[in-house]
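To start, the structure under review is shown below, and the notes come after it.
The values are calculated or read from the model by the stated rules, or taken from the named source; none is laboratory data. On a predicted model such as this, the values are computed, not experimentally measured, just so you know. Every residue, glycine as well, gets a Cβ built from its backbone with ideal geometry; the counts of neighbours run over all protein chains shown. The area values use the complete protein model at the heavy-atom level, side chains included, leaving out ligands, DNA and RNA. Shrake-Rupley method; radii C 1.70, N 1.55, O 1.52, S 1.80 Å.
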Number of protein chains: 2
Amino acid sequence: MLLVTLREDPAEAEIPSHKLLVRAGYIRRIGSGIYAYLPLMWRVLQKVSQIVREEMNATGAQECLLPQLQPSDLWRESGRWDTYTKAEGIMFALSDRQNRELGLGPTHEEVITTIAREMIRSYRQLPLHLYQIQTKFRDEIRPRFGLMRGREFIMKDGYSFHVNEDSLKKTYQDMDQAYRNMISRCGLAFRAVEADSGAIGGSGSQEFMVLADIGEDEILYTEDGNYSANVEKASSLPADPQPSPFETYEKRETPNTPTIDSLCKFLNCSPTNVLKNVLYQAVYDNGMTVLVIVSIRGDQEVNEVKLQNELVRLADQYNANALLALTVPDATTQAKWASKPLPVGYIAPDLDDDYIRPASDVAPRFVRLVDNTGVDLKNFVTGANETNYHIVGANWGEPFPLPKQVVDLRTAKAGDRAIHDPSQILHSARGIEAGHIFQLGTKYSKAMGATYTNEAGEENPLYMGCYGVGVSRLAQAAVEQSYDKDGIIWAPAIAPYHAIITVPNISDTKQMEAAETLYQQLWQAGVETLLDDRNERAGVKFKDADLIGIPYRIVTGRSLKQGKVEVAVRATHQSQELPLDQVVSTLKQWLDAALT
Amino acid sequence: MLLVTLREDPAEAEIPSHKLLVRAGYIRRIGSGIYAYLPLMWRVLQKVSQIVREEMNATGAQECLLPQLQPSDLWRESGRWDTYTKAEGIMFALSDRQNRELGLGPTHEEVITTIAREMIRSYRQLPLHLYQIQTKFRDEIRPRFGLMRGREFIMKDGYSFHVNEDSLKKTYQDMDQAYRNMISRCGLAFRAVEADSGAIGGSGSQEFMVLADIGEDEILYTEDGNYSANVEKASSLPADPQPSPFETYEKRETPNTPTIDSLCKFLNCSPTNVLKNVLYQAVYDNGMTVLVIVSIRGDQEVNEVKLQNELVRLADQYNANALLALTVPDATTQAKWASKPLPVGYIAPDLDDDYIRPASDVAPRFVRLVDNTGVDLKNFVTGANETNYHIVGANWGEPFPLPKQVVDLRTAKAGDRAIHDPSQILHSARGIEAGHIFQLGTKYSKAMGATYTNEAGEENPLYMGCYGVGVSRLAQAAVEQSYDKDGIIWAPAIAPYHAIITVPNISDTKQMEAAETLYQQLWQAGVETLLDDRNERAGVKFKDADLIGIPYRIVTGRSLKQGKVEVAVRATHQSQELPLDQVVSTLKQWLDAALT
């Protein structure tokens, strides 16, 4: 048995679960975001996988294994090759000895859709749901937190195929329940939330967030339990605006007021009286640059995920397939197309033509977007397109026509009122995304020509869903939710072993004999047990047992003379003396109770 | 259930097992050498994996999972980066977003040695044996035969660490037995053979060859069972030479005799009287080119694997780390350094200096090697370094000094006498390499500084072994050894399901009821059963059941009126009528017998 524990926290680790998994000898870093799963960890991962497998099989889904190497052709068919290898750049790409491009699979919509298009002919084969448990790859910008955001990690991903949206929704609901079951069985507190579908796409998606302070995602929820969403996706009612103190359209000198705070202080008005105009630059895969002005109420922030989705939707009208980059234009990029420095901090809802260098082949296209909060503003304050000047008392129409694209672009935040019930207030929590389920609809089947023939003999595109859960992430999240100063506290369902027998003195043959007898009996009863017969001090063994977090500990110590051993529960540190012949039945009872 | 069978053989497939696995819906090609394992195949792979796992665990080895992405730094430490990404070129290499080079693991000596060097301190932790079952990658020159030579495939690879060679040998022997057990349990006929260690290295290795006509490897063996080896490695006693008819050293005109055949016909002598001199060109990783002349008896062929090993051994004296290429020099490469055309077909055991362009910076170094069969020749015939001329009656000494490097470079072949017992003749068979076990010794631990402290407190390099078995290859090899004109014949131990219930007429409720009852009962008894209740003609269902190769078939047909069903054995096509209440016990009995 490879059992090597460290006294010191590893330098690479920032969060408790990462520190503990390295210190307790579960994982070992091989490169940035790349870990070896040592035998203890592998047992945990196998248990999490088995729970996932059981819940998937119970819904009628079937396990398979798809290739990790994926020909680029497939990704070009779906239109995602550039998005995944260039824009988001999260897919590792490589070339083989014939210089054919391959991607290392971060996800498998393209591969499964190819299989479906070749193998599914008739409605009689539907619905069909295939899943796999597999190592995935992502070239993360900033790998961190151990297994939480690695470049190589284990996922279960499943893909379902349907005759129509109703059938898809039924499986989507089954998956919702299956995901709740799996995460609960792993012993985790979580929240299911509305989510942004990102580069996967489709008509709706839901994330399963394991609650943890170090979670990279913010969740907004109401206490009535009727609303919860990832902040990337969340909508809410903003605060009501204050009445505007400006009744007349007027250009005012407002020196040194590039921020909303400084402006409101100077004009003695509320941020809700201001229309803020934010510049972005979008680059599409056909090389087209689009300059974006987002107009939004001064007290609100732009949600860049929502903005990105809107710009992806607009790709068609620019004859582009994919959005490659969305950035705030800096001095360098501005210099390429602006004829004079932009009055940043004083931008109007429309950019005068003379800011854009005419007849330049790098001149960007231009689009104006307005958030809902900007539409209803009356007599608002806004930039004058001139440094140190604002307009007050403005209204949509002249000189600022209301943009055609009115969309939800604002960031919801804690304290906002809920849309479903304005008496409910949004609260904030942090979560680790452990699962994500999507209604893909016909996005991939249409792009790749995957159809079936219905009862009437007509060919129709397949409806698809996809469903992912992070197996290695879930395992580490379990540690993040359950540890103390002494180490990890595993739930019995996913602990590498259920019990550990610590022999304080291995040269005492009575102790060794009792330990070995119990060891055999416990395994026979289905209690997976470690026997610590190392030649170490008892104190070292106790510390190690606590650190690696085995749920139940048995000590063959002094009370053996009275035919008893000490049995301790890791989570509570409570211990009791039990007669030797009651140990197995007691542990078996505890374990059965914990596993149901 | 995804059950899609094809009537036609797939165009991509050349060998029976590949055709059958595609036709029966087990695998689907996604790209060259890249396959999806569909649900039926995944069940087979899981069963093979579980057999492997059980045999490994029984030896005390522990399962883990190592990363597939491997930092190039580790491979530079062991000196294999160039060999694997350039010379053999079988490792896929890629760059991440920080332009750091990574390899996609074809094998894991570097990763495991890094872990050992960090975690193993003391002899008290040894021996230690870690293994994993994992998808591996190889950028094959010619991917083919489905899963047999794919670019992505599943392997079990294990690595053991020891205080000394004795301990290593003990585990090596345990692995020999474990590998025999695994392959036998999968129902396969095989042969364990001496093998070349190739780029893995080490002091000894053994391959496990599944016997099959389409096998890519040739095996030589004796019928007494005491010798078997891969032809790459095999040694034997060559036939005795004939006495030479030439007693005097003489240069003879031998027009149009560039081959041994034509020469012997012209001179009326035996090929065993001839010393053949073969030219090779070796390129090392430091850019050095070495011209190699191999002298060997005329009736023998050069074994290029042995030659390559010899040239790798010589790398040190050329200050090189790795041999990048070994080729027969063609006109283009010769033109770079030869001062005049080489007299190919008439080469002498030594190349005159005037063939090599002097003082050229591309002038190759020069090495002469002689095979054992060339050393004892008397009065031999050999080239005169002049087209259409040979020397007869030559002897080592003047003008041809015996090369310093006398080595075994000949290809053993069927019909040769065995070294261990010259009365035994070598026979030939073809095999599929399913497993390979290696005594690595200290090759990697020395290169990478992986040491342990012994009882005396001294630091020593770890002794290592490594052990690989091809899980997906084994699964396909099982098909190659067991099929008939109707399809696959799985051994029960690795069949995707043990039994299939075929309902000839699904609109007959009696048939369906009986089938469903049996289905429940069989699963409860541990007989994994498929229920074919598709709306298809009975003939289609029978054909599919035979094609996918489920060991036992139950048909709820006409005899149901007498309370009986037909039970057929796939391998023999023998069937019998059994009363309903005997079906489960009979199948259970057959299955138990087959699994032990």
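For the stretch B:155-174, a residue qualifies if it is open to solvent by 10 Å² or more (accessible area, probe 1.4 Å) and not aromatic (Phe, Trp, Tyr), and the qualifying residues are B:MET155, B:VAL163, B:ASN164, B:GLU165, B:ASP166, B:SER167, B:LYS169, B:LYS170, B:THR171, B:GLN173, B:ASP174.
Yes or no: A:GLU250 within 20 Å of A:TRP396 (Cα to Cα) and acidic (Asp, Glu)? So A:GLU250 fits the description; yes. Restricted to helices (runs of 4 or more DSSP H) entirely inside the stretch B:483-596, those with at least 1 residues that are of a type in the set (Lys, Arg) and more than 30 Å from A:LEU126 (Cα to Cα) are B:580-595. Scanning the stretch A:201-228 for residues that are under 12 Å from the mean Cα position of the chain (by Cα) and open to solvent by less than 10 Å² (accessible area, probe 1.4 Å) turns up A:GLU207, A:PHE208, A:MET209, A:VAL210, A:GLY215, A:ILE219.
When the stretch A:19-40 is filtered for residues that are of a type in the set (A, V, I, L, M, F, W, C) and more than 7 Å from every other protein chain (Cβ to nearest Cβ), the ones remaining, listed by number, are A:LEU20, A:LEU21, A:VAL22, A:ALA24, A:ILE27, A:LEU40. Would you say B:ASP166 is farther than 26 Å from B:HIS427 by Cα, assigned by TED's automatic domain parsing to the domain that holds B:GLU109 and free of Cβ contacts under 8 Å to residues at least 40 places away in the same chain? Considered against the rule, which asks whether it is farther than 26 Å from B:HIS427 by Cα, assigned by TED's automatic domain parsing to the domain that holds B:GLU109 and free of Cβ contacts under 8 Å to residues at least 40 places away in the same chain, B:ASP166 comes out as yes.
Determine, yes or no, whether B:ASN321 is open to solvent by 70 Å² or more (accessible area, probe 1.4 Å) and in contact (Cβ under 8 Å) with a residue 60 or more places away in the chain. So B:ASN321 fits the description; yes. Please determine whether any residue of the stretch B:320-342 is in a loop (DSSP other than H, G, I, E, B) and among the basic types (Lys, Arg). Scanning the stretch B:320-342 turns up at least one residue that is in a loop (DSSP other than H, G, I, E, B) and among the basic types (Lys, Arg). Within the set B:ARG53, B:ARG43, the sole residue that is surrounded by fewer than 21 Cβ atoms within 10 Å (Cβ to Cβ), closer than 15 Å to A:GLU63 by Cβ, within 11 Å of chain A (Cβ to nearest Cβ) and not small (Gly, Ala, Ser) turns out to be B:ARG43.
Look at A:ILE432 and say whether it is touching a Phe, Trp or Tyr at 6+ places or on another chain (Cβ under 7 Å), assigned by TED's automatic domain parsing to the domain that holds A:TYR227 and either farther than 22 Å from A:LEU314 by Cβ or not polar (S, T, N, Q) (or both). For A:ILE432, the condition - touching a Phe, Trp or Tyr at 6+ places or on another chain (Cβ under 7 Å), assigned by TED's automatic domain parsing to the domain that holds A:TYR227 and either farther than 22 Å from A:LEU314 by Cβ or not polar (S, T, N, Q) (or both) - is not met. Considering only residues of the stretch B:548-558 that are open to solvent by less than 10 Å² (accessible area, probe 1.4 Å) and touching a helix residue (DSSP H, G or I) at 6+ places or on another chain (Cβ under 7 Å), which is nearest to B:THR586 (Cα to Cα)? By that ranking, first place goes to B:ILE554.
Inspect all residues belonging to the stretch B:306-315 and state whether any of them is touching a helix residue (DSSP H, G or I) at 6+ places or on another chain (Cβ under 9 Å) and touching a residue at least 40 places away in the same chain (Cβ under 8 Å). Checked against the condition, which is being touching a helix residue (DSSP H, G or I) at 6+ places or on another chain (Cβ under 9 Å) and touching a residue at least 40 places away in the same chain (Cβ under 8 Å), the stretch B:306-315 yields no hits at all. Applying the condition of being touching a residue at least 12 places away in the same chain (Cβ under 8 Å) and under 22 Å from B:ALA495 (Cα atoms) to the stretch B:506-523 and asking which residue is surrounded by the fewest Cβ atoms within 10 Å (Cβ to Cβ) yields B:GLU516.
Restricted to the stretch A:118-148, and to residues there that are modelled with pLDDT of 95 or more and basic (Lys, Arg), the residue that is most open to solvent (accessible area, probe 1.4 Å) is A:ARG138. On the stretch given as the stretch B:118-135, residues that are under 13 Å from B:PRO67 (Cα atoms), touching a Phe, Trp or Tyr at 6+ places or on another chain (Cβ under 9 Å) and among the polar types (S, T, N, Q) total 2.
With respect to (1) closer than 30 Å to A:GLY431 by Cβ; (2) open to solvent by less than 30 Å² (accessible area, probe 1.4 Å); (3) in the same structural domain as A:MET209 (by TED's automatic domain parsing); (4) aliphatic (A, V, I, L, M), the lone exception for A:MET91 is condition (3).
Looking across the stretch B:71-86, just one residue is of a type outside the set (Ser, Thr, Tyr), crowded, with 20+ Cβ neighbours inside 10 Å, under 23 Å from the mean Cα position of the chain (by Cα) and within 13 Å of chain A (Cβ to nearest Cβ), and that is B:TRP75. Here's a check for you: in the stretch A:1-11, which residue that is of a type outside the set (A, V, I, L, M) and either touching a helix residue (DSSP H, G or I) at 6+ places or on another chain (Cβ under 6 Å) or within 13 Å of chain B (Cβ to nearest Cβ) (or both) is least open to solvent (accessible area, probe 1.4 Å)? Out of the qualifying residues, it is A:PRO10. Within the stretch A:434-447, is even one residue within 20 Å of A:ASP213 (Cβ to Cβ) and among the hydrophobic types (A, V, I, L, M, F, W, C)? Yes, the stretch A:434-447 contains a residue that is within 20 Å of A:ASP213 (Cβ to Cβ) and among the hydrophobic types (A, V, I, L, M, F, W, C). Scoring B:LYS233 on the criteria (1) modelled with pLDDT of 95 or more; (2) open to solvent by 40 Å² or more (accessible area, probe 1.4 Å) leaves a single failure, condition (1).
Comparison of A:LYS561, A:LYS543 shows that the only residue that is under 37 Å from the mean Cα position of the chain (by Cα), surrounded by fewer than 19 Cβ atoms within 10 Å (Cβ to Cβ) and not assigned by TED's automatic domain parsing to the domain that holds A:SER472 is A:LYS543.
State yes or no: is A:LYS265 in contact (Cβ under 8 Å) with a residue 40 or more places away in the chain, surrounded by fewer than 17 Cβ atoms within 10 Å (Cβ to Cβ) and basic (Lys, Arg)? So A:LYS265 fails the test. Only residues that are more than 22 Å from the chain's Cα centre (by Cα), over 30 Å from B:ALA189 (Cα atoms) and not in a loop (DSSP other than H, G, I, E, B): list them for the stretch B:395-443, please. Hits for the stretch B:395-443 are B:TRP396, B:PHE400, B:GLN405, B:VAL406, B:VAL407.
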